[in-house]
Each structure stands twice: as structure tokens, then as C-alpha cells.
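Participant: Got a structure here, written out as C-alpha cells. Questions coming.
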Amino acid sequence: MLLHAALSGLVFGFYFTLVGLGLNLVFGVMRIVNLAHGDFLMLGAYSAFWLFGLYHLHPLLSAACVLVVFTLVGLPLYYLVVPRLLAARDSEMLSLILFFGLQQMIEAVTSIAFGTTERSIPGRVLGSGPVRLLGQALPTSWVFSAGVSLAAVALVYVYLYQTRLGMLTRAVMVSREEAVATGIDLHRVCAIAFGLGLGLAGIAGVFAPFMLGSVTPAIGPEINIAAFAVIVVGTLGNPLGTVLGGIVYGVSLMLMQTYLSSWANLLPNLLLIAVLLVRPTGLLGRRVRRA
Amino acid sequence: MRRGLRDVLFVVLPVVIIAAVAPLLYANELLLFSFVMYLTLAQGLNAIYGFTGYLPFGYVGVFGAGAYGFAISVMILGLPPFAALAIGAAAGVMLGLLLTPLLRLSGAYFAIANLAAAQAVYQVVSNPALQDITKGPYGVSLSEVFAPRLSYEVGVAVLAATLLAMAWLRNSRFGLSLQAIREDPISAAMAGVAVVRGRTIAWLLSALIAGLTGAVFAWHISVFYPETAFDIGISIFATVFTLFGGAATLIGPLLGVLVLYGVYNTIGITVPQYFQLIYGALIVGLVLFLPDGLVSLLTRRGIRVP
């Protein structure tokens, strides 16, 4: 039982890494909080239902479509909103409120368009029968989603550490002023990071029906807290930190659900507060992140 | 202090008088109470967000703690309403004290941690395991102390006290020092401002206001569920109202409540999803084009607003 909880926690943790990854990228690069992150995830899930219902598209193909489309949507959205926001006096705080507004709009439009019923995709689409790992049976769809998450982390890692644009992105993360002073086109770098952040949220959404059961238009805020717990436990701007955060989150969630199930929903909140108070830089952090 | 007196005479007094006589002119007392409640909460949020720049996204946690402090005192301890109000306010302040370590966090971290704390309190209160004390998710009923008229008047009294406190903050040395902390904590500390103490006092004042408002809310509506008392929408409303009117002023939050909550009550209840859409768009537009609120239309031209 302990092994099963730990193992399924690990698998869940990889998925939650994907949930937090886009938020981490946006926050790490732009120092703004995309409070609509969970809603882009929800939109990703609805796109998956739609593509599956109409064309019986495999979720993996849907994920690819969603990544491209959401990234492309992110670019104009960035130029519409963020440069003005970054110029404001207290952009970090105002971003919370602004993206809350956006979140409300997305939730409202989705409710008007699709209604508030719960949607789900049958898990057998991703392969039938359980997968055996170390003698423990896990649903194939979970393992599949975890695999996609790891692939996404690897892609982000390659982007940040192996490409020129990734190097510029890391420079902006370290110091925006110095990056601008060395001639980096701030808004181009940020716009791509913003688009990628939305794209990653979208992919996480495609697999949300399998991992979270069902999805409604109102799921966004709940996802945000979990995503925040994950990226705060790990470290900002560091995709490997997000993996660690995801694992800590997933394993402790599963342990709580196994041994103390009535209090399990407290976990993300308490984890978030505890880590922020005890180790505000996150588990892998070195520098103190104070504004 | 003459300016403070003027603010009290021309802003606080008219608002309180109108709030006090409104039930004689308009029959929907619950709606009026909601206005009084949001007027108070927006000012309470103003004390911490407007003056120190810390955004308590989970402000409703303190409000709910006050409501449940009141409810538990009445249900379990059998206290009379006024004693229960004191316990509710104390519950709010206690939660505020418990959360003071969060003030070490800056910017968005404080806001998110505060939201997480509010969610945690909600999950504890609504947990079926604590049904004997809080009635868990099934909600509380306080019909034995139900007194809509009296509790409305107490709500107006709380509003009056809050407005006086805010008029003081707006015009006092202490309020100015808080704003100095918001602008630049390091320079403020070098100028001799006790940064940590200032923030803590502002936060506890804000928590006291929310706890007291929550307790009065519990008394006035007397039947409620955890999701009503801990509705995150209450935090959001208070924040948006404050921001819309203009933070760190006395009339900003008042204007915000009157305009936006008025709009909400005319269109929000009949078509909630379209209202949510308009509301979201309004918030986005506000942050982008008028980040300092309605009053900045005047202050930009050098006109001082209370």
C-alpha cells in the first residue's frame, strides 16, 4: 500500500510538474502571476474534448495542436496586455488582479459556450488495462500522461539551456534591466516565453481529463493553487526544480489520500505556506527572491 | 488635523447618516446590509493593501473566521450576541496574528500564501470531521439570536468606526509612514520608520475590521454555509472595489462599492455569466488604463481628494 501510494504519487507528481511548468516559466521570466493559468489549462481540456468528440483525435495529436495554437494565441495576448502592465508601478501585484479579470472572462465565455456540465474522455483512449510497475498496477492513462509531462520538461530544458533564445530568456530571468542594457529584445523574449507558458498549460489541460477525472469551466482557481504549490516548492525559473516540486506534491498528496483522506485537500495550501515560510527560495534555490 | 476633521464632517458623517436612515426609505434590508458590509470590508482591505501595498487575496479567510467565531460562540457557548461579536472579532485578530509571519514574504508571494491560508481555514471549518464544533459543510443556523434590525444598526456602527479609523490613517503621521513603507521600505527604515511594526499594525487593524464585519454578517443573515462565509468572491469584490475607486484614499473604496456593487445588483443577479464577462473585462481595462482608480482622474490634476 505504501509502495503503491508512493508510486502513484510519483506518476501524479510528474503530471503536476507539467501543470506548474508554464506558470513557472511566465513568473520566472516576467515576474507576473498568470492567475488565468488554470483557465488556459481548462481551455486545453475543452479543446481535447472537442477534437476527440468531432474527429476522434488521439490526445497526443490534440496536445501537439493545442501547444501550437495556444502559443500562437499567447503572442498577441502578450503584446496586448503585458508591456503596459510591466510599465506600471507595481506590476507584480497588478498582474494578479489583471489576470484574475482575464480568468473571469475565460470562465464566463466557456460557461456560456459549453455550459457548466462536467466533461470527461474515456481513459481507454490511451490504451487499455493497467501498467505493471514494480509489481503495482497503475492506469495506463496516468503513466502515459506522466510520460508526456517528462517529455515537455525535457523540451523546456533543451529550449532554455541549448538554444540561443533560451540563453536570452535566462538572462532576462536573472536581471531584466541588465538584459535590456545588453541589447536583448525584452518583449520578443518575454512574448515567446508567455506563449510557451500558455502552450504548456494547454498540454496539461489535454491530459487533465485522465488525471483529474472530469473538468468544468470553474476548475481554474483550484488548479492555480496546486500549480503554485508545485513551483514554489521547487524553484522559480528552474524546470528541474518544478519536477522536484511536482514529485513532492504528488507523493505527499497520495500519502495523504491513502492514510488521512478526509484532510487530503488541505495539503496544497499547507505545503505552500510551509515552504514559503521555511524556505522562501524553494528546495533548489540559492538566491533569496525578494522584490 | 484640521484636514482630518473636514474629512470626517464631509465624508464619514454623510455616509454613516445615509446608511443609518436607508432602511426607512428602502425595504430590502439584506441588500442594504450587503452594501454596508462591502463598504466596511473595502476600507479594511484598504488599510493593508492601499497603505502598505500588501494584497491579502485571502482576506475572506479573516472574515469567515469572524463569522464562525460568532456562530460557535452562540451555538456552543450560548453567549449573547454582543459577547459573540467580541469573540468573532477576536477570532479574526487571532487569525491575523497567526498569519503575521506571511508579511515577511513580498509581492505576489504574500498574496498567494494568504489565499492558500484562507483556503486552509475554509477546509478545516468545512471538514465533516469537525461537525460537532463547526457543523462542517452543513452550515450553521443562529435563529435564536436573529435580529435583522439591530444587527444592521451594529453593522452601521462598525462601518462608522472603520471610516473614522481610515480618516485617521489618511491624515495621520502613521498613515503617511505606512505609505512611505509601501513606496520604499529601505528608505523608510533609514528615515526612522518602524517598518515591521507599521506593517503589523496595519494588518491587524485590517484583520480586526474583517473579523468584526464577519461576525456582524453571521448575526445578520444567521443561516449560512462555509462556502458563503469563505466565498473567495468576497475578497475579490473588496479588492476590485478598492482598486476601482482608488486605494489609499478615504472616498476611493466608497466610490468603488457604490458604483460597482450597484452595477452588480442591477445586472449581475439576472444574467450572472454575462455579468462575469463584463466584470472581467472591466477589471482588465481598469488595471491597464486606470491603475490608480477613479480618484486618480482628480489627483493627476493636482486636486487633493479625501
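Derivation of every value follows stated rules applied to the coordinates shown; laboratory data play no part. Everything quoted here is computed from the prediction, not taken from an experiment. With ideal geometry, Cβ positions are generated from the backbone for all residues, glycine too; neighbour counts draw on all protein chains shown.
Participant: Rounding to the nearest 10 and keeping the result within 0 to 90°, find how far the Cα-based axis of helix B:29-45 lies from the longest principal axis of chain B.
Facilitator: Approximately 50 degrees, to the nearest ten.
Participant: Which of B:PHE289, B:LEU25, B:LEU178 sits closest to the plus end of the dipole of chain B, meaning its Cα is farthest towards the positive end, when Lys and Arg get +1 and Asp and Glu get -1 on the C-beta?
Facilitator: The one lying farthest along the dipole's positive direction is B:LEU178.
Participant: Report, to two decimal places, the Cα Rg of the range B:64-121 normalised by 2.2 N^0.38 Å (N = number of residues). Write down the numbers at each step before the final one.
Facilitator: On the way: Rg = 13.7 Å, N = 58, 2.2 N^0.38 = 10.3 Å.
Against the empirical 2.2 N^0.38 Å value, I get 1.33 for the range B:64-121.
Participant: Shape call for the range B:54-152 from the C-alpha gyration tensor, a ≥ b ≥ c root eigenvalues: rounded (a/c under 1.5), prolate (a/b greater than b/c) or oblate?
Facilitator: Working: a/c = 2.52, a/b = 1.74, b/c = 1.45.
Here the range B:54-152 falls in the prolate category.
Participant: Going highest first, how would you order A:18-24, A:81-87 by mean Cβ packing within 10 Å?
Facilitator: On the way: A:18-24: 30.1, A:81-87: 16.6.
Highest to lowest by the protection proxy: A:18-24, A:81-87.
Participant: If you look at just the Cα atoms of chain A, how large are its Rg and its Dmax in Å?
Facilitator: 18.4, 56
Participant: Let me ask another. Using only Cα atoms, what is the ratio of the radius of gyration of the range B:6-103 to 2.2 N^0.38 Å? Walk me through the numbers on the way to the answer.
Facilitator: Working: Rg = 16.0 Å, N = 98, 2.2 N^0.38 = 12.6 Å.
Here the answer is 1.27, to two decimals.
Participant: Which value, in debye to the nearest 20, gives the size of the charge dipole of the protein assembly as shown about its Cα centre, when Lys and Arg are +1 and Asp and Glu are -1 at the Cβ? Provide the component values of the computation, followed by the final result.
Facilitator: Working: 29 positive and 19 negative charges, 289 e Å.
So the dipole magnitude of the protein assembly as shown works out to roughly 1380 debye.
Participant: Another question, if that's okay. With the Cα gyration tensor of the range B:2-230 giving a ≥ b ≥ c as the square roots of its eigenvalues, does the rule (a/c under 1.5 for rounded; else a/b larger than b/c for prolate; else oblate) give rounded, prolate or oblate? Kindly include the intermediate steps, with their values, before the conclusion.
Facilitator: Details: a/c = 2.44, a/b = 1.25, b/c = 1.95.
Because a/c hits 1.5 or more and a/b fails to exceed b/c, the range B:2-230 counts as oblate.
Participant: Could you tell me the relative contact order of chain B? Use alpha-carbon pairs under 8 Å, at least six residues apart, and round to a whole percent.
Facilitator: Reported as a whole number, the value is 29 percent.
Participant: Now a separate question. Could you give the angle, 0 to 90 degrees to the nearest 10, between helix B:173-183's Cα long axis and the longest principal axis of the Cα atoms of chain B?
Facilitator: Result, in degrees: 80.
Participant: May I ask you to work out the translational diffusion coefficient for the protein assembly as shown at 25 °C, viscosity 0.890 mPa s, via Stokes-Einstein with Rh from the Kirkwood sum over Cα pairs, reported in whole µm²/s?
Facilitator: Approximately 98 µm²/s, per Stokes-Einstein.
Participant: Is the range A:139-239 rounded, prolate or oblate when judged by the Cα gyration tensor, a ≥ b ≥ c being the square roots of its eigenvalues, rounded requiring a/c under 1.5 and prolate requiring a/b larger than b/c?
Facilitator: On the way: a/c = 2.51, a/b = 1.95, b/c = 1.28.
Because a/c hits 1.5 or more and a/b exceeds b/c, the range A:139-239 counts as prolate.
Participant: In degrees, nearest 10, range 0 to 90: what is the angle between the Cα axis of helix B:13-25 and the longest Cα principal axis of chain B?
Facilitator: So the helix axis and the longest Cα principal axis differ by about 40 degrees.
Participant: What helices does chain A have that are whole DSSP H segments, at least 18 Å long along their own axis by Cα, and with mean Kyte-Doolittle hydropathy of 0.5 or more?
Facilitator: Details: long enough: A:2-30 (40 Å, 1.81); A:37-55 (27 Å, 0.89); A:59-86 (36 Å, 1.95); A:91-114 (33 Å, 1.30); A:140-162 (32 Å, 1.33); A:186-212 (37 Å, 1.74); A:220-233 (20 Å, 1.81); A:239-259 (30 Å, 1.17).
Length and hydropathy pass: A:2-30, A:37-55, A:59-86, A:91-114, A:140-162, A:186-212, A:220-233, A:239-259.
Participant: Given contacts defined as C-alpha pairs under 8 Å and at least six residues apart, what's the relative contact order of the range A:135-246, whole-number percent? Show your work: numbers first, answer last.
Facilitator: Numbers: 64 pairs, mean separation 24.9, N = 112.
Here the relative contact order equals 22 percent.
Participant: What does the average come to when, for each residue of peptide B:102-108, you count the partner chain Cβ atoms lying within 10 Å of its Cβ? Don't jump to the answer; show the numbers that get you there.
Facilitator: On the way: counts 3, 0, 4, 7, 5, 11, 12.
Averaged over the peptide's residues, the number is 6.
Participant: Now, a different point. Considering the options B:ALA71, B:ALA108, B:PRO81, tell which one lies farthest towards the positive end of the dipole of chain B, charges being +1 on Lys and Arg and -1 on Asp and Glu at the Cβ, about the Cα centre.
Facilitator: About the Cα centre, the residue reaching furthest to the positive side is B:ALA108.
Participant: Can you quote the Å³ per residue value for the convex hull of the Cα atoms in the range A:196-273, rounded to an integer?
Facilitator: Working: hull volume 7.8 nm³, N = 78.
Given the Cα convex hull of the range A:196-273, per-residue volume reads 101 Å³.
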